[in-house]
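Novice: Sharing a structure with you now.
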Amino acid sequence: MKSFLGNFRTAKNPPMDENVSETTGTTNVSSETTEVESETTKNTAQVVVETESVTATEPETGESEGTAPKEQPKRKTIRVCKMGSDHKFANMNNHDFAFNLLNMKIVTDGCGSGKHSEVGTRLFGQLFARKSKEYFDKGKSICEENFIEIVNSIFEKMLELCSDTSFIFQNYCFTILVCFELEDEFVVYSCGDGYIIKENEEGIFFDELDDGEYPCYYIYNFIADKSALKEYKEGVSFKVTRFNKSEYLNVGVASDGLRYSENLLDIEKSKLMKFLHEGKGPQIEKLINRNNLKNEMFHDDISICF
């Protein structure tokens, strides 16, 4: 597998393994998130987990010689989640899910061999949104200090629904990628395959996160019968990568479906980079749809939050 932003900084596979209006491309996190958005808007922040593909983020400021800092146009955070051609032809659901909350950009990617791994990605997203609202209502926020504790509590809640091992393998195996934007840096927490998208003065680059044949899924920590696992019997943990804002303009995350962008024609690659830079989510969706219609280019589901 090889960046989103709210105006609110201080609220601060086991080995298993689209036209913009396609009905299976995106999914809402739920009405609870809408409540968060409403509350956040009142406080000049914005929570976005609805079907729009673009969310406005905090304005950047620049300073001209001899003048006071001038506010720049708001940059838009891209949130794209499109079904891969292989899943479409196999009559499978989109296993990916992407959403952004406050200062977090989040992508989850279900295990390809998990028959219903989209259940896990969406359930995790809804519970994460509810937890975010719960904290916000208390004047708190999800941050590095409490992130792991919150993720653990969400998985425990999911297991209350069903903790059968076979059910877990079919529904709860998925990658988690989260990018926090802090005052001076971007911080990415990753567990499983995917990509970190980073932008500096020289352009946009993709860093691949690759666990090899067997991606590490956080749910493995909650499987009691470790003999059911071929790898990661000792458990898994999040990898943490930091990007200083003095070097990077923007950082985000994407699912491993981004790898198929390497097969695009040069002119299409250039358009993809341009749309990423400009925050044009709908144009990226059209590009993906166009290339899948003509050449079935993006075989796997692809999600981007940048």
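The values are calculated or read from the model by the stated rules, or taken from the named source; none is laboratory data. Keep in mind it's a predicted model, so treat the numbers as computed, not measured. So basically every Cβ, Gly included, is an ideal-geometry build from the backbone, and we count neighbours across all protein chains shown. Areas reflect the complete protein model, heavy atoms only, side chains present, ligands, DNA and RNA absent. Shrake-Rupley method; radii C 1.70, N 1.55, O 1.52, S 1.80 Å.
Novice: Cα-Cα over 20 Å: which of LYS82/LYS280; LYS140/LYS280; LYS82/LYS230; LYS140/LYS245?
Specialist: The answer is LYS140/LYS280; LYS82/LYS230; LYS140/LYS245.
Novice: Another one. Leaving out ligands and nucleic acids, and using a 1.4 Å probe, what accessible area per residue does the range 160-270 come to in Å²? Before the final figure, lay out each step's value.
Specialist: Details: 5160 Å² over 111 residues.
For the range 160-270, the solvent-accessible area averages 46 Å² per residue.
Novice: Among the lysines, select those whose C-alpha is under 16 Å from the C-alpha of LYS157, and discard any that sit fewer than 8 residues away in the same chain.
Specialist: Output for LYS157: LYS131.
Novice: How much length is gained on full extension from GLU202 to SER163, taking 0.36 nm per residue of separation minus their Cα-Cα distance?
Specialist: Here the answer is 9.3 nm.
Novice: So, one more: Please list LEU161, LEU264 from largest to smallest accessible area, probe radius 1.4 Å, with all protein chains kept in place.
Specialist: Sorted descending by solvent-accessible area, the residues read LEU161, LEU264.
Novice: Expressed in nm², what is the orientationally averaged projection area of the convex hull enclosing the Cα positions of the range 99-177?
Specialist: Averaging across all directions leaves 5.1 nm² for the Cα convex hull.
Novice: What order do you get for 185-196, 289-300, 236-247, 102-113 when each peptide is scored by the mean count of other beta carbon atoms within 10 Å, highest first?
Specialist: Working: 185-196: 23.7, 289-300: 17.0, 236-247: 13.7, 102-113: 27.1.
Order by mean packing, descending: 102-113, 185-196, 289-300, 236-247.
Novice: Under the classification rounded if a/c is under 1.5, otherwise prolate if a/b is larger than b/c and oblate if not, where does the range 198-299 fall, given a ≥ b ≥ c as square roots of the Cα gyration tensor eigenvalues? Mind dumping the intermediate values first?
Specialist: Numbers: a/c = 3.12, a/b = 1.58, b/c = 1.97.
Cα axes put the range 198-299 in the oblate bin.
Novice: Between GLU185 and ASP86, what is the spin-label point distance in nm, taking each point 7 Å from the Cα along the Cα→C-beta axis?
Specialist: About 3.6 nm, to one decimal.
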